[in-house]
């Protein structure tokens, strides 16, 4: 499965695309959140052999325009991650010291 990583910001995104085992298909490049650029991006993803998964990292609501357009064309599986989610989860669940109020 191909991995399409997108770092979303206001009005534009940085994209990188990899195949399994770390083969880089496209080094990071920028796309603007315009209809024309999104259509070109969709064509690019459709031209890649095999199934693709899109992972979007965002800090606000900027991802919504891009995610909506990608969902309309049903291009690939889309996963949306909030910045820092993984590290926060690890800190709160793996390193948390039990207190006297925790149930045993």
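The values are calculated or read from the model by the stated rules, or taken from the named source; none is laboratory data. Owing to the predicted nature of the structure, the values given are computational and were not obtained by experimental measurement. Heads up, the Cβs are rebuilt from the backbone with ideal geometry, glycines too, and the neighbour counts pull from every protein chain shown.
Side notes on the structure shown:
- Within the stretch 43-68, being out of contact with any helix residue (DSSP H, G or I) (no Cβ under 7 Å at 6 or more places or on another chain), closer than 11 Å to residue 4 by Cβ and buried (at least 16 other Cβ atoms within 10 Å of the Cβ) holds for 44, 45.
- Yes/no for residue 82 being closer than 16 Å to residue 5 by Cα, in contact with a strand residue (DSSP E or B) (Cβ under 8 Å, 6 or more places away or on another chain) and modelled with pLDDT under 85: yes
- Any hit, the stretch 69-76, residues being closer than 26 Å to residue 23 by Cα, assigned to a loop (DSSP other than H, G, I, E, B) and within 12 Å of the chain's Cα centre (by Cα): yes
- Qualifying residue in the stretch 27-37 (condition: within 22 Å of residue 82 (Cβ to Cβ), out of contact with any strand residue (DSSP E or B) (no Cβ under 8 Å at 6 or more places or on another chain) and surrounded by 15 or more Cβ atoms within 10 Å (Cβ to Cβ)): no
- Pairs, first on the phi > 0 side of the Ramachandran plot and free of Cβ contacts under 8 Å to residues at least 60 places away in the same chain in the stretch 1-28, second crowded, with 16+ Cβ neighbours inside 10 Å and in a loop (DSSP other than H, G, I, E, B), C-beta under 9 Å, six or more apart: 11/33; 11/62
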